[in-house]
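Enquirer: Quick one: structure below, then a few questions.
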Amino acid sequence: MHFKDLTPYTYMARYSEYGAKNIGWLKAGEDFPKNPPDDDLLDALWETIKHPAIRTRGMHRCDQCNKKIREERYKNQTLLLGSNEIRIFHKEGDIFAAPNMIFHYVYIHHYNPPLKFREAVLYCAQNLDWYKSKSNDHIQLCEENPLNLVRIPDSVKRSWLRRGVSPLKTPPTKAEEPQ
C-alpha cells in the first residue's frame, strides 16, 4: 500500500476521520527522501511503535527489501512489524498515521520523514503516558464516530472541520454559523 506523505489518511475508512495525514507508506519504485537517521529519532520511533493504535490483519512486506519483515531487532529488543499502525500527535494538533514498518524504513532504508513528523515522534516518546492516552482516545473516537456508518463526502467533512464543527454533532444551520 502506498500513500504520499502528508496526504489525507484513507486506508481504513473507520479511522480516516479528524484529518490524520499519511507518513511512511512506501512502495518499491517510488522515490522517497533519504537521510541517515540519528539515534534520538530511532529511539523515539522504537518507543512509539511499541504502542500500536490499530492492529491490522495480515502482514505487510517491505517493498524495498522485497521480503516479508516479521521482526526487527533494535538495541537488544525485537518487535513484530508489518501488521500495525501508529498515530503520532504533534503538539500543534497535527495527527500522523503511519505503518509500524516506518521504523524499518527509517532504520534500514534511511527514509527521512517530514520534519513536523520527526518533531512529533520525539515529543510523543518523551511524553509516553500522554502519547498512549492520546492515541487510545483518538482511536476510540474514530470507532464511536457515527460518520463511519454513513459515508459523508470528504469535502463536507473538511468544511465542517474548518468551521470548527465536531463531526459527532449535527452541523450548524446557516443562521448558527459564526460570521
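Enquirer: Give the residue that is nearest to the chain's Cα centre (by Cα), with candidates limited to residues of the stretch 75-93 that are surrounded by fewer than 18 Cβ atoms within 10 Å (Cβ to Cβ) and closer than 26 Å to residue 19 by Cβ.
Expert: Ranking the qualifying residues of the stretch 75-93, first place goes to 90.
Enquirer: Something else about it: Here are some residues: 74, 131, 123, 111. Which one is touching a residue at least 40 places away in the same chain (Cβ under 8 Å), closer than 18 Å to residue 52 by Cα and hydroxyl-bearing (Ser, Thr, Tyr)? Please lay out each step first, then the result.
Expert: Details: 74 fails: touching a residue at least 40 places away in the same chain (Cβ under 8 Å); 123 fails: touching a residue at least 40 places away in the same chain (Cβ under 8 Å); 111 fails: closer than 18 Å to residue 52 by Cα.
Being touching a residue at least 40 places away in the same chain (Cβ under 8 Å), closer than 18 Å to residue 52 by Cα and hydroxyl-bearing (Ser, Thr, Tyr) holds for just one of 74, 131, 123, 111, which is 131.
Enquirer: Now a separate question. Applying the selection to the stretch 99-119, what residues are crowded, with 18+ Cβ neighbours inside 10 Å, at pLDDT 95 or above and within 14 Å of the chain's Cα centre (by Cα)?
Expert: 102, 103, 113, 117, 118
Enquirer: Still on this model: In the stretch 38-62, what count of residues is obtained for those that are within 19 Å of the chain's Cα centre (by Cα) and part of a loop (DSSP other than H, G, I, E, B)?
Expert: Number of matching residues: 10.
Enquirer: Test residue 34 against the stated conditions and say whether it is surrounded by 15 or more Cβ atoms within 10 Å (Cβ to Cβ) and modelled with pLDDT of 85 or more.
Expert: Values: surrounded by 15 or more Cβ atoms within 10 Å (Cβ to Cβ): no; modelled with pLDDT of 85 or more: yes.
So residue 34 does not fit the description; no.
Enquirer: Of the residues that sit in the stretch 34-86 and are of a type in the set (D, E, K, R) and touching a Cys at 6+ places or on another chain (Cβ under 9 Å), which one is farthest from residue 108 (Cα to Cα)? Spell out the reasoning first.
Expert: Our first condition is that a residue be of a type in the set (D, E, K, R); within the stretch 34-86, this holds for 34, 38-40, 43, 47, 50, 55, 57, 61, 63, 67-68, 70-73, 75, 85.
Cutting the leftovers down to touching a Cys at 6+ places or on another chain (Cβ under 9 Å) gives us 47, 68.
Numbers: 47: 17, 68: 14 Å.
Looking at the filtered set, the residue picked out is 47.
The values are calculated or read from the model by the stated rules, or taken from the named source; none is laboratory data. The structure displayed is predicted, hence computed values, not measured ones. Positions of Cβ are backbone-derived with ideal geometry, glycine not excepted, and every protein chain shown enters the neighbour counts.
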